[in-house]
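The values are calculated or read from the model by the stated rules, or taken from the named source; none is laboratory data. For clarity, every value in this text was computed on a predicted model and none was experimentally measured. A quick note on method: Cβ atoms are made from the backbone with ideal geometry, for glycine too, and the neighbour counts reach across all protein chains shown. In case anyone asks, the SASA skips ligands and DNA or RNA and just uses the protein heavy atoms, side chains included. Shrake-Rupley method; radii C 1.70, N 1.55, O 1.52, S 1.80 Å.
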Amino acid sequence: MTYRILLVDDEPLARERLKRLLQPFDAFCVAGEATHGDAALDWLQQQPADLVLLDIQMPGRNGLETAAAMQQLPQPPLLVFCTAYDEHALQAFAVKAIDYLLKPVRPEDLARALQRAQEWLQQRPAPVPAAARNHLTARTYHGLQLIPLDDILYCQADQKYVTVVHDQGETLIDESLKQLEEEFPTRFVRAHRSTLVALDRIERLETLTAGGHQLVLRGHAQGIPVSRRHLSEVRQLLRRL
């Protein structure tokens, strides 16, 4: 099993150094990064982490305040502080940190903290499976936007961004197509390496006179191209509808 780590530090060089130090530890992977406490809490609202490596002195909400807020999550991650200051050690353990590492973090200290974290994680009861989501969440200029799954026509990737096309318009989200495909295998079908289509919006599969195929969606005028690689899977799924 591989355990997911979230790095929280406002200094890019500190995060890069931690990532280098973590490379030899196959039981752990860096699943995400955040530059301040609020960003870390937002990230944890969207996806899980087993362990958070957390700085204390950061802009806005400091590490101790962030750690206290993390304890209110349904499945709080383990916490290890990585800081240049040693005067906060007692406060760190008051918010249930399992270790306290001084910068620059030494490889042997990190190894000790990871060993302790792994022992704790192996003893932790398996979480109760969360209820399936019925919406996607996006951070916009106006705050959090909820996009009901029933309103989605398709999701399209463009480099590192994914655009969700839905009945109310288009919205950028932080999740990847791979994440959506794995979480909602019965709701979406991959029509192209960069496109997931909502199965319940498909009206028909068309053969184009110029060659190739496209999906016609209910409520959408433009056809969605289907690549040769994914054509067989699309046809099989449509036969079951």
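Multiply the residue gap between LYS160 and ALA27 by 0.36 nm, knock off their C-alpha separation, and tell me the result in nm, one decimal place.
Net length gain for the segment: 45.3 nm.
Please list the three semi-axes, largest first and in whole Å, of the ellipsoid equivalent to region 201-240, using sqrt of 5 times the eigenvalues of its alpha carbon gyration tensor.
Over the Cα atoms of region 201-240, the ellipsoid semi-axes are 15, 14, 8 Å.
Report, to two decimal places, the Cα Rg of region 142-241 normalised by 2.2 N^0.38 Å (N = number of residues).
In units of the 2.2 N^0.38 Å rule of thumb, it is 1.05.
Per residue, what accessible area does the chain have, given a 1.4 Å probe and all protein chains present, in Å²?
58 Å²
In vacuo Debye scattering of region 17-125, one point per C-alpha: log10 I(q)/I(0) at q = 0.09, 0.14, 0.20 Å⁻¹?
-0.20, -0.51, -1.14
How large, in percent, is the carbon and sulfur part of the accessible surface of the chain at a probe radius of 1.4 Å?
50 percent
Magnitude of the Cβ-charge dipole of the chain, K/R +1 and D/E -1, about the Cα centre, nearest 20 debye?
In debye, rounded to 20, the chain gives about 960.
From the backbone phi of region 180-195, what are the Karplus-calculated ³J(HN,Hα) couplings (6.51 cos²θ - 1.76 cosθ + 1.60, θ = phi - 60°) in whole Hz, Gly and Pro given as x?
Karplus values, whole Hz, x for Gly and Pro: 5, 4, 6, 6, 10, x, 9, 9, 10, 10, 7, 8, 7, 4, 10, 9.
Taking Cα atoms of region 157-196, Rg/Rh with Kirkwood Rh, to two decimals?
A ratio of 0.93.
What number do you get for region 133-173 when its Cα radius of gyration is normalised by 2.2 N^0.38 Å, N = residues?
So the Cα radius of gyration is 1.08 times the expected 2.2 N^0.38 Å.
Once you have the Cα-Cα distance between ASP167 and GLU108, take 0.36 nm times their residue separation minus that, and quote the gain in nm to one decimal.
15.9 nm
Give the average over all directions of the projected area of the C-alpha convex hull of the chain, one decimal, in nm².
About 15.8 nm², averaged over all directions.
Over the alpha carbons of region 1-76, what is the largest minus smallest coordinate on each principal axis, giving the biggest first in Å?
Each principal axis gives a Cα extent; for region 1-76 these are 32, 29, 17 Å.
Please give the residues of region 151-165, grouped as numeric ranges, whose backbone N is less than 19 Å from a label point set 7 Å along the Cα-to-Cβ vector of ASN134.
The answer is 151-153.
Report the label-to-label distance for GLN236 and THR207 in nanometres (one decimal), using points 7 Å from each Cα along the Cα→Cβ vector.
Modelled inter-label distance: 2.1 nm.
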